[in-house]
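Working notes, structure below.
Computed from the coordinates by the stated procedures, all read-outs in this text should not be read as laboratory data. This is a predicted model, so every value here is computed, not measured. Quick reminder, even Gly has a Cβ in these numbers, built from the backbone with ideal geometry, and neighbours come from all protein chains shown.
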Amino acid sequence: MTSIVCLIIQVYLFVVLIRILMSWVPPTPGTTYQQVHDVFDRLTEPVLAPIRAVLPPVRLGVTQLDLSPIVVFVLGTLLIRAICG
């Protein structure tokens, strides 16, 4: 049972990583890339949004750095170490 939970956490962290990488290239409306981008948004936003509400993006000049994926990676890694050993 714990191996299934560990696998789910690892896969979710991979999905978050893909979303981070995809955020560097904005989607063009009506493309397959936009549809894939939307799927990753829908999968990760329920976890990232509450963290972002507590920890807003950090302003870096004209851009902002969203720290919520970093928090998810830290918490996910801690969960994996606690559960999976």
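In a fully extended conformation the segment linking Val54 and Leu21 would gain 9.6 nm over its present Cα-Cα distance, using 0.36 nm per residue.
Loop-located chymotrypsin sites (Phe, Trp or Tyr not before Pro) in the chain (DSSP state other than H, G, I, E, B) with a sparse environment of at most 11 neighbouring Cβ atoms within 10 Å: Trp24.
Compared with the alpha-carbon gap, the fully stretched path from Arg81 to Phe14 is longer by 22.5 nm at 0.36 nm per residue.
Only the Cβ atoms of Lys and Arg (+1) and of Asp and Glu (-1) were treated as charged; on that basis the dipole of segment 2-84 about its Cα centre amounts to roughly 160 debye. Summarising the label geometry, the points placed 7 Å from Cα in the beta-carbon direction at Leu7 and Glu45 lie 2.9 nm from one another. Dividing the summed -39500 (n - 2.57) terms of all DSSP H runs of n ≥ 4 by the residue count of the chain sets its mean residue ellipticity at 222 nm at -25000 deg cm²/dmol. Once you divide the Cα radius of gyration of the chain by 2.2 N^0.38 Å, the number left is 1.22. Could you tell me which of Gln64, Pro50, Ile80 has its Cα farthest along the dipole of segment 2-84 towards the positive end, charges placed at Cβ (Lys, Arg +1; Asp, Glu -1), taken about the Cα centre? Looking along the dipole axis, the top candidate is Ile80.
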